[in-house]
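Enquirer: Just passing along the structure, written as C-alpha cells.
The values are calculated or read from the model by the stated rules, or taken from the named source; none is laboratory data. This is a predicted model, so every value here is computed, not measured. A quick note on method: Cβ atoms are made from the backbone with ideal geometry, for glycine too, and the neighbour counts reach across all protein chains shown.
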Amino acid sequence: MPKSHPYFRRQPGLLKLTSFTTTLVIRFKRYWLSLGYASLLICTAASAQAQTPPSLDAARITPIINFLLLEESTLGGTTEPEEASRFLIQSTFGPRYSDIVQLSNSSYERWLDSQFSLPITKTVDFTESQNWVSNYPLIISGAGNSALANVMLNAPDQLRQRMAYALSQIFVVSREVNNGMNERPLYYLDYYDLLLENAFGNYRDLLEKVTKNSVMGFYLTLNLNAPAGTQVGPPAHPGSFFVSSPDENYAREVLQLFSIGLVKLNLDGTPELDNGKTIPSYTQETVENFARVFTGWNYQSGDTPQTSGFFNLGIPSHTKPMISFDAFHDMGPKVLLNNTAIDANQTAEQDLADALDNIFNHPNVGPFIGKLLIQHFVTSNPSPDYVARVATVFNDNGSGIRGDLKAVISAILLDTEARNGHKTMPNQFGKFKEPFIRQLALWRGLEARRRTNNNNLFSAYDGIFFSRLKQFPLRAQSVFNFYQPDFSPAGPLSDANMLAPESQLIDTESVVSIATTHEEYLQRHHDNAGNSFASSSTNLLFNTQSFEALITDIQQPEELIERLNLIFLGGSMSDEMREILLEVHDPSLYLVEDKWRVVIDLANMIILSPQFMIQK
Amino acid sequence: MTDRRNFLKLSAFSIGSLGLFDGLGNQALAATSPDDYKSLVVVNLNGGNDSLNMLIPNTDTEYQQYATARPQIAFNKSDLLPISPIEMSANSFALSPRMSAMRELFNDGDLSFVANVGSLIGPITKEAFLDPLRTQPRPSGLGGHNTQTAYWQADHSNQIDTTKDGWGGRLANEFISNAVLPSNISINSGHNILQSHASERFYNVSLNGLISLRDFRNDQTNPAIRARRNALNSLNNLAANSADPFLKHAGQLFSEGLNLNLALQNSLSSITQDLSSRFSDSVSFSGGAFSAGLARIAELILIRQQLGMRRQIFFVQLAGFDTHSKHAENHGNLSEDLSNHLKAFNDIITENDQLRNSVLTVTTSEFGRNLASNGDGTDHAWGAQHMVMGGPVDGGKIFGTFPSLELDGADDYNGLGRMIPTLSVSQYGATVAKWFGVEDENLERVFPNLQNYQGSDRDIGFIS
C-alpha cells in the first residue's frame, strides 16, 4: 500500500484543522510550550540533583502554565492528545476519550491538582449503597470483587485509585487464605479504603495504620503476639498457648517488603557494596528485636466500651484498628535498625511508635518505596538518576517533610524520564501492563457500564474471570505479591539485563488465557445500539455508539482505528500495525447497520495484540 | 551446555504442524529407548514446612525435648504413629497422627525421609557459621521466603545471584526431547525459579483446562477466521522482530503460547481417564487444588506416549505452610491433605507396572521452622526433613542425620531451634538427577554447589 494512502496521514482525532496555516501555528505553539515545560522539568531535575529539591507545590507551577495556556485553550488542547493518553495510561485504570480531551485542554499539573482534591471514592461506601448486604458484614465473596472492580472502573479519583492499587501490592494482604476470613470481604474492603484514604498522605502515617490494621494483624499474625515465657489464655483452654519466643512474621515482612528491603541501598536505588558484596540491611537478631516490639496487640472487641482482655475478645472487630495490652508487651530494651536502642519499660504504643520512626528514617525507604512506585506506574527499569530524584522528594518534599506521598507520585509522573523516556530511551523505557489493568483499560476505553436494573457489576460468568486473568486485587498468592519486583523472564529481556516484574504473570499458557478473557468480554458484552444484548451472561456492557459515529464509510475505518490507537496505545501504533488492521478489516462481512461489530472486531484485534500488553 | 531446542525459533506460522518439532534434536543422550521414561514430581510445600511436626523422634529424651520446646504444638506421645526405620531401633520415630497414609507407604517401602536438608553452599559447622568473620560461605537472606526459595530451586553458587536458571530447567536441558510439550510442566504455578532456563521452556498446565482464543480453536477453514488468525500472527511477528525487548518478549511469548495451545488441543484430548475421583476419598482442607494438580499430573503421565515424552519434571505446590499462627489446626490439616493425596497419587502410579519404577516424587520447601514455638505457631528457620516417594526409592528409611532437638545444642544456631542443615539441596537434588540419568561428571552443571562435595557425599543413597 502506498504511503499516500489516507491512513498514513496523521489523524489528530481531537482537532478539526481547516488550513495548513492553523496547523503551523499550533505546531509552533506546542513546540514553544513544550520547551517551556521541558525547562521547568530541567530546573526540577537540576535542583533535585543539587540536593535541594524544589517544592512540587502546584501553586508555584500553575500560574506559569496558565500563562502559557492562555490562547491555546480555545484551540482545543495544549497537551498533545497522544501524550495526554500516555500520561493517563500511566496514572489511571485507562483513559476514556473524554479524559484525553479534558487533559489535552489542561496540563499535567492541573490534572494532578484536580485529582488530589477529588473526594475519595471508597469501596465500603459503594458496597453499602448497593443493598447487597443482607447479613452484614458477612456479605458474599462476589460482592467484594464487584465493589473493587466497580469503584476502580468508575471512580473519578482515578489517580488515587491507581495509587491505592499499587500500595495494595506493596502492603499486601490477600483473600487467598484458606480460612473464614476470606469469606468476609468487607473487612478487606475496609483495608483497601485505608489505602485509598492514605494514598496521598504521609508514608509514616500509612505505615502505622497498616501495622495496626486488624486485617493485616490477621494476615501477618501480629495479633496475639506475646513475649517469651507468657501464658496466653488459661492453660488448657481452647486456643490458649505458651510463648517460647515472639512471632516474627510481621517483624520480618515489614522490613523486607514494606520499607527497606534486604540490602542497604544508595539514594539511586542501587545496592551499597562492600568489597563488591551487598550489605544486609538487618539480621535475624534485628527481626527478633522487632518481633518483641510488636507484642501486646490484638483486635478490639466488637463491644463498646471494651470489656474483654487480650485473649478473651468476645466478637472481634475487624474494621477497627488493633489495640495494645501492655500486660502482654515485652518490656525489655530493644535494639533496632542502625543499632538504635529503645529503652526498657516502654508501653506497646511507645515501642511501636519508636520502631516505626526507626524504620521510617532508614535511608533505604526513599529509594526502596520510590523505585517500587516508579515500577508500578511508569517503567520497570528506571535510570538510577530517576530513582534518586524521586527518593530525594521522598526524603524532603521541599518543605522539609519526609514521606509525602503526594509529592512522591507527582515527582514520579512529572519526571522528565516518565514524560520523555519513550523517546529518549525507547528500548529501555516502559513496562508490561498487569492483566487486571489491561482488563480495566478495555472496559474504560470502550465506555463500559453496568446494565440498568441490576445492582451487581459481576455475574455468575465472572466467577471464572479471576482464575483466567490470573490476577484480581487483594488476591495475591502471598505477601510477596503477584510478582517480584526483580523478575526478569528468560529471553530478550534477561539478555538485555532488564526487569519486567509484571511479566511474571505471563507464560505460554496464561498469555492465551488472559487474552481469551479480554476477548470474551468484548465479544459477549457489547451494547449493539438497539440495547438488545448478545448475551445475558454479564451485567457489564460496552457502549460503542461514539465509536460507530467515526465510521462514515464502512470501507474506511481509518478514523476509528486512530481513535482506538489513541485510547489503547497512546497513539503509538506503527504504520505496519495499522496496515495489518486495515488488511484484516473486510467490509464485505458487515451490513451497514453492523457498525458496532466493526468497532468490536477492530478493538478486539488491538486488545489482543502484544502491543497492547506493553506500556510506554 | 547443549541447548538443542528453542521454541522461540519457531515462527508464528508453524501453528499446529507438529512435524516441525521433530528432528530438531542433535545429540543422542540417555533417553533413547521408547521404554526409557522417567518422571520427577517436585512437590513444593510453599511457605516453609514445619517438618518437625511430621516426623518426630519417639525415643523418651528426644520426644521430651520436642514436647518441651513447643508446648501447644507438640502432639501427645500417645497420639503419634510410631515407625521403625530400617537399621534403626523399633519405634524410634513416629509420624504425625494426621499422616497415617504416609506410614502405610513408609512400611510398604515406597517412602523414605531425608533428614536436615537445607540451602547450603557447602558443608558448614555451627562454629564456622557463628564465626563473626563469616569466612565460610553461606546462603544470604536466611529466613526470607523469596531468597530461600531461590536457593532451593536454583542452587546458587554465589551470593549475588545473576542467573535465573533453576535446576529443573537445567536438568531437562541435559536431555533431548522432540515432544510437543516442554519437559518441565508447572501445575497451576506459572513461572517458578525451579523450571526457569534461558533456552529450556516450561508449560503451565492450568486447572481450568485449556482455554483457547475463538479463532485458534482446532482447524478453521472459514476465511474470515483465517484472516483474523493471520493478522494476530502478523502482529506477534511484528512485535517479535522489534528492537524493544518488552515488545519482543510479548510477541515471542504470545506466538509460542498460541502454537502450544493449538498443538495441545489435539494431544490433551487423548486424556481419557478422569482421575480426580481417585482423590475424592481424602478430606481436602486445601481447597482441592493440590489433589486436582496431582490428578492432572497422573493423567499427563498416562498419555506420555501420545505426547512423546521421555523425561518429565512436574512442579506442583501445596500452599499455606507459613504457619506462624494457628499451627495445630492449619499444619495438621495440611499434613493430612499432603499425606492422603500423595498416597492416592502413588497408588495410581504403582498399580501400573510400566510406571512403577519410573516416577519419583520429592518434596521441597524454602526452609524448615524453628523447634521452639511462638505460642500457637513457629517461625522461619533453615534445615528440615523431606520426603521421597515412589518405586525408585529405597523405602522405609531415614537418610542423613536427624538433628539434635536440644535448644542451643549441636545443630541449633541461636537457641530457638533453628537447625543448621547437614545435607545440602545440591546433594538432595544430585541424587535425584543421577537417577534421572545425568552422569556424575555432568551433575555440577545442574547443581553447581555439588562441587563442594566429593565421593560418596555426592549421593545420599535414597534411590534403590
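Enquirer: Would you confirm whether any residue within region A:314-321 is among the polar types (S, T, N, Q) and buried (at least 22 other Cβ atoms within 10 Å of the Cβ)? Write out each step before concluding.
Expert: Looking only at region A:314-321, we keep the residues that are among the polar types (S, T, N, Q), and these are A:317, A:319.
The next check asks that each one be buried (at least 22 other Cβ atoms within 10 Å of the Cβ); those that pass are none.
Taking every residue of region A:314-321 in turn, none turns out to be among the polar types (S, T, N, Q) and buried (at least 22 other Cβ atoms within 10 Å of the Cβ).
Enquirer: Starting from region A:365-387, keep only residues that are at pLDDT 95 or above, then list their pairs with residues that are surrounded by fewer than 22 Cβ atoms within 10 Å (Cβ to Cβ) and among the hydroxyl-bearing types (Ser, Thr, Tyr) whose Cβ atoms are within a distance under 6 Å, requiring at least 6 positions of separation or different chains.
Expert: A:PRO384/A:THR270
Enquirer: Residues of region B:137-176 being at pLDDT 90 or above and farther than 28 Å from B:ASP322 by Cα, which ones?
Expert: B:ARG170, B:LEU171, B:ALA172, B:ASN173, B:GLU174, B:PHE175
Enquirer: Oh, and also: State all residues of region B:171-204 that are within 12 Å of another protein chain (Cβ to nearest Cβ) and of a type in the set (Ser, Thr, Tyr); if no residue qualifies, say none.
Expert: The answer is B:SER186, B:SER189, B:SER196, B:SER199, B:TYR203.
Enquirer: Give just the number: which of (1) more than 9 Å from every other protein chain (Cβ to nearest Cβ); (2) assigned to a helix (DSSP H, G or I); (3) more than 20 Å from the chain's Cα centre (by Cα) does B:LEU232 not satisfy?
Expert: (1)
Enquirer: I'd like the full set of residues that are more than 8 Å from chain B (Cβ to nearest Cβ) and assigned to a loop (DSSP other than H, G, I, E, B), limited to region A:465-478.
Expert: At the first step, the residues of region A:465-478 found to be more than 8 Å from chain B (Cβ to nearest Cβ) are A:465-466, A:469, A:471-476.
Selection gives A:GLN471, A:PHE472, A:PRO473, A:LEU474, A:ARG475, A:ALA476.
Table: residues versus (1) away from chain A (no Cβ under 11 Å); (2) under 30 Å from B:GLU366 (Cβ atoms).
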residue	(1), (2)
B:SER206	no, yes
B:ARG214	no, no
B:PRO223	no, no
B:SER270	yes, no
B:ASP274	yes, no
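Enquirer: Picking from A:THR278, A:THR283, which residue would you name as being within 13 Å of another protein chain (Cβ to nearest Cβ), without any contact (Cβ under 8 Å) to a residue 60 or more places away in the chain, farther than 20 Å from A:LEU222 by Cα and among the hydroxyl-bearing types (Ser, Thr, Tyr)?
Expert: Working: A:THR283 fails: farther than 20 Å from A:LEU222 by Cα.
It is A:THR278.
Enquirer: Any residue at all in region A:491-503 that's touching a strand residue (DSSP E or B) at 6+ places or on another chain (Cβ under 8 Å) and either within 7 Å of another protein chain (Cβ to nearest Cβ) or assigned to a loop (DSSP other than H, G, I, E, B) (or both)?
Expert: Looking only at region A:491-503, we keep the residues that are touching a strand residue (DSSP E or B) at 6+ places or on another chain (Cβ under 8 Å), and these are A:500-503.
Cutting the leftovers down to either within 7 Å of another protein chain (Cβ to nearest Cβ) or assigned to a loop (DSSP other than H, G, I, E, B) (or both) gives us A:500, A:503.
Yes, region A:491-503 has at least one match.
Enquirer: Looking at (1) buried (at least 19 other Cβ atoms within 10 Å of the Cβ); (2) part of a loop (DSSP other than H, G, I, E, B), find the lone condition where A:GLY239 falls short.
Expert: Only one criterion is unmet by A:GLY239, namely (1).
Enquirer: Within region A:260-275, can you find the residues that are more than 9 Å from chain B (Cβ to nearest Cβ) and either hydrophobic (A, V, I, L, M, F, W, C) or surrounded by 21 or more Cβ atoms within 10 Å (Cβ to Cβ) (or both)?
Expert: The first filter runs over region A:260-275 and keeps only residues more than 9 Å from chain B (Cβ to nearest Cβ), leaving A:260-261, A:264-270, A:272-275.
Of everything in region A:260-275, those that are more than 9 Å from chain B (Cβ to nearest Cβ) and either hydrophobic (A, V, I, L, M, F, W, C) or surrounded by 21 or more Cβ atoms within 10 Å (Cβ to Cβ) (or both) turn out to be A:ILE260, A:GLY261, A:LEU265, A:LEU267, A:GLY269, A:LEU273.
Enquirer: Moving to a separate point now. What's the number of the condition A:GLU253 fails, among (1) within 16 Å of A:LEU352 (Cβ to Cβ); (2) within 13 Å of chain B (Cβ to nearest Cβ); (3) assigned to a loop (DSSP other than H, G, I, E, B)?
Expert: Condition not satisfied by A:GLU253: (3).
Enquirer: So A:ILE607 passes all but one of these: (1) over 22 Å from A:TYR521 (Cα atoms); (2) in a helix (DSSP H, G or I); (3) not small (Gly, Ala, Ser). Which condition number does it fail?
Expert: Unmet condition: (1).
Enquirer: Can I ask one more? Being surrounded by fewer than 19 Cβ atoms within 10 Å (Cβ to Cβ), free of Cβ contacts under 8 Å to residues at least 40 places away in the same chain, among the small types (Gly, Ala, Ser) and closer than 30 Å to A:ILE600 by Cα, is that true of even one residue in region B:222-233? So that I can check it myself, show each step before the final result.
Expert: Of the residues in region B:222-233, the ones surrounded by fewer than 19 Cβ atoms within 10 Å (Cβ to Cβ) are B:222-227, B:230.
Among the residues that remain, those that are also free of Cβ contacts under 8 Å to residues at least 40 places away in the same chain are: B:222-227, B:230.
Among the residues that remain, those that are also among the small types (Gly, Ala, Ser) are: B:224, B:227.
If we keep only those that are closer than 30 Å to A:ILE600 by Cα too, we end up with B:224, B:227.
The answer is yes; a qualifying residue exists.
Enquirer: Looking at (1) surrounded by fewer than 21 Cβ atoms within 10 Å (Cβ to Cβ); (2) under 30 Å from the mean Cα position of the chain (by Cα); (3) among the hydrophobic types (A, V, I, L, M, F, W, C); (4) closer than 23 Å to B:GLY143 by Cα, can you tell me which one A:LEU257 breaks?
Expert: That leaves (1) as the condition not met.
Enquirer: Separate question: Find the residue count for region A:419-438, including only residues that are in a helix (DSSP H, G or I) and either in contact with an Asp or Glu (Cβ under 8 Å, 6 or more places away or on another chain) or within 27 Å of A:ALA149 (Cα to Cα) (or both).
Expert: Narrowing region A:419-438 to residues in a helix (DSSP H, G or I): A:419-424, A:435-438.
Subset that is either in contact with an Asp or Glu (Cβ under 8 Å, 6 or more places away or on another chain) or within 27 Å of A:ALA149 (Cα to Cα) (or both): A:419, A:424, A:435-438.
Of the residues in region A:419-438, 6 are in a helix (DSSP H, G or I) and either in contact with an Asp or Glu (Cβ under 8 Å, 6 or more places away or on another chain) or within 27 Å of A:ALA149 (Cα to Cα) (or both).
Enquirer: In region B:306-326, which residue that is assigned to a strand (DSSP E or B) and farther than 14 Å from B:ASN184 by Cα is farthest from the other protein chains (Cβ to nearest Cβ)?
Expert: First, pick out the residues of region B:306-326 that are assigned to a strand (DSSP E or B): B:311-319.
Adding the requirement that they be farther than 14 Å from B:ASN184 by Cα leaves B:317-319.
Details: B:GLN317: 9, B:LEU318: 11, B:ALA319: 7 Å.
Among residues in region B:306-326 that are assigned to a strand (DSSP E or B) and farther than 14 Å from B:ASN184 by Cα, the one farthest from the other protein chains (Cβ to nearest Cβ) is B:LEU318.
Enquirer: Now for a separate question. Within region A:182-209, can you find the residues that are outside any helix (DSSP H, G or I), at pLDDT 95 or above and not hydrophobic (A, V, I, L, M, F, W, C)? Explain how you work it out, then say what you get.
Expert: Just the residues of region A:182-209 that are outside any helix (DSSP H, G or I), to begin with: A:184, A:199-202.
Now drop any that are not at pLDDT 95 or above, which leaves A:199-202.
A:GLY201, A:ASN202, listed by residue number.
Enquirer: Do we have A:THR121 as modelled with pLDDT of 95 or more and either in a loop (DSSP other than H, G, I, E, B) or of a type outside the set (Asp, Glu) (or both) here? Step through it out loud before you land on a result.
Expert: Numbers: modelled with pLDDT of 95 or more: yes; either in a loop (DSSP other than H, G, I, E, B) or of a type outside the set (Asp, Glu) (or both): yes.
The answer is yes for A:THR121.
Enquirer: Another one. I need the full set of residues from region B:279-318 which are of a type outside the set (Gly, Ala, Ser), in contact with an Asp or Glu (Cβ under 8 Å, 6 or more places away or on another chain) and either buried (at least 18 other Cβ atoms within 10 Å of the Cβ) or under 22 Å from B:GLY169 (Cα atoms) (or both), in order please.
Expert: First, the residues of region B:279-318 that are of a type outside the set (Gly, Ala, Ser): B:279, B:281, B:283, B:285, B:290, B:294, B:296-297, B:299-307, B:309-318.
When the remaining residues are screened for being in contact with an Asp or Glu (Cβ under 8 Å, 6 or more places away or on another chain), the result is B:283, B:285, B:290, B:299, B:310, B:318.
B:PHE285, B:PHE290, B:GLU299, B:ARG310, B:LEU318, listed by residue number.
Enquirer: From the list B:LEU307, B:LEU268, B:LEU258, B:LEU247, exactly one residue is at pLDDT below 85, more than 30 Å from B:HIS145 (Cβ to Cβ) and of a type in the set (A, V, I, L, M). Which is it?
Expert: Details: B:LEU307 fails: at pLDDT below 85; B:LEU258 fails: at pLDDT below 85; B:LEU247 fails: at pLDDT below 85.
When all the criteria are applied, what remains is B:LEU268.
Enquirer: State the number of residues belonging to region A:274-300 that are among the hydroxyl-bearing types (Ser, Thr, Tyr), at pLDDT below 95 and either in contact with a Ser or Thr (Cβ under 9 Å, 6 or more places away or on another chain) or part of a helix (DSSP H, G or I) (or both). Explain how you work it out, then say what you get.
Expert: So in region A:274-300, the residues among the hydroxyl-bearing types (Ser, Thr, Tyr) come out as A:278, A:281-283, A:286, A:295, A:299.
Then keep just the ones that are at pLDDT below 95; that gives A:278, A:283, A:299.
Right, trim to either in contact with a Ser or Thr (Cβ under 9 Å, 6 or more places away or on another chain) or part of a helix (DSSP H, G or I) (or both) and you get A:278, A:299.
Residues in region A:274-300 being among the hydroxyl-bearing types (Ser, Thr, Tyr), at pLDDT below 95 and either in contact with a Ser or Thr (Cβ under 9 Å, 6 or more places away or on another chain) or part of a helix (DSSP H, G or I) (or both): 2 in total.
Enquirer: Moving to a separate point now. Scan A:GLU576, A:GLU583 and give me the residue that is under 30 Å from A:HIS376 (Cα atoms) and at pLDDT 95 or above. Break it down stepwise before answering.
Expert: On the way: A:GLU583 fails: under 30 Å from A:HIS376 (Cα atoms).
Just one listed residue meets the conditions, A:GLU576.
Enquirer: Moving to a separate point now. List, please: which pairs have Cβ atoms under 8 Å, are six or more places apart or on different chains, and start with a residue in region A:297-323 that is within 25 Å of A:ASP193 (Cα to Cα) and end with one that is surrounded by 14 or more Cβ atoms within 10 Å (Cβ to Cβ) and basic (Lys, Arg)?
Expert: A:TRP297/A:LYS212; A:TYR299/A:LYS320; A:GLN300/A:LYS320; A:HIS318/A:ARG184; A:PRO321/A:LYS209; A:PRO321/A:LYS212; A:MET322/A:LYS212
Enquirer: Exactly one of these conditions fails for B:SER339: (1) away from chain A (no Cβ under 11 Å); (2) within 30 Å of B:GLU174 (Cβ to Cβ). Give me its number.
Expert: Of everything listed in (1) away from chain A (no Cβ under 11 Å); (2) within 30 Å of B:GLU174 (Cβ to Cβ), B:SER339 misses just condition (2).
So that you can scan it fast, the table gives a plain yes or no per residue for (1) in contact (Cβ under 8 Å) with a residue 24 or more places away in the chain; (2) at positive phi; (3) in contact with a Leu (Cβ under 9 Å, 6 or more places away or on another chain):
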position: B:PHE93; (1), (2), (3): yes, no, yes
position: B:ASN107; (1), (2), (3): yes, no, no
position: B:ALA115; (1), (2), (3): yes, no, yes
position: B:ILE121; (1), (2), (3): yes, no, no
position: B:GLU127; (1), (2), (3): no, no, no
position: B:ASP155; (1), (2), (3): yes, yes, yes
position: B:GLY168; (1), (2), (3): yes, no, yes
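Enquirer: Identify, please: which residue in region A:556-577 is within 11 Å of chain B (Cβ to nearest Cβ) and in contact (Cβ under 8 Å) with a residue 40 or more places away in the chain and is, among those, farthest from A:LEU591 (Cα to Cα)? Don't jump to the end; show me each part of the working.
Expert: Applying the first criterion (within 11 Å of chain B (Cβ to nearest Cβ)) to region A:556-577 yields A:572-577.
Narrowing further to those that are in contact (Cβ under 8 Å) with a residue 40 or more places away in the chain: A:572, A:575.
On the way: A:SER572: 30, A:ASP575: 28 Å.
Selected residue: A:SER572.
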